[in-house]
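The structure that follows is given in the form of structure tokens.
Every number here is computed from the coordinates shown, using simple stated rules; none is lab data. This is a predicted model, so every value here is computed, not measured. No Cβ is skipped: glycine too gets one built from the backbone with ideal geometry, and neighbour counts run over all protein chains shown.
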Amino acid sequence: MKKFIILTLLVLSGWITNAQDIKLMDSYLRGNDLATRYVVVLEDNSIWWFAPGQAWKESSVEGLPQGYDIKLLSCYSHKDGSTRYTVVLSDNSIWWFAPGQPWKKSSAEGLPNGYKIESFKAYSKLDGTRYVLTLEDNTIWWFAPGQAWQKSSLEGLPE
């Protein structure tokens, strides 16, 4: 019995030390059925999703550059009800994903040279996807596919 307890403790301690921390997390309602989804990025930059009543499943990272480090995550339901993930990598590039397809790089056209993204959110409007972000200089920018990034007004915010 003593050997069994020691063996069990060793196995559990090995599992605890090998468990990865969650680095980023987002949640959303999937539009086609209003089902809840959670998405996490683990410290190894793997991406996992969860639906209540199911086990966690790993998402594809096909198309993301090798050696990438995911800095920010935003998930939403596209206007057609399907899932979309967006990430900002440590090089400040923005990528998006639809299940069943490889990751694709989004445009940075219109953002200032040397930009550094501090926060990022993606969402769906009736006429398509929108991104909004803040840069390290506290400016706010928005994007719609097919257009250049545009700077938003800060009028009315305290200085």
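In straight Cα distance, which lysines are under 24 Å from K57, not counting same-chain residues fewer than 8 positions off?
Hits, sequence-local ones excluded: K23, K71, K79, K104, K105, K121.
Which aspartates and glutamates have a Cα lying under 15 Å from the Cα of K116, excluding residues fewer than 8 positions away in the same chain?
D69, D91, E136, D137
Beta carbons within 10 angstrom, averaged per residue: use that to sort the peptides 102-108, 32-38, highest first.
Values: 102-108: 14.9, 32-38: 12.7.
Highest mean packing first, the order is 102-108, 32-38.
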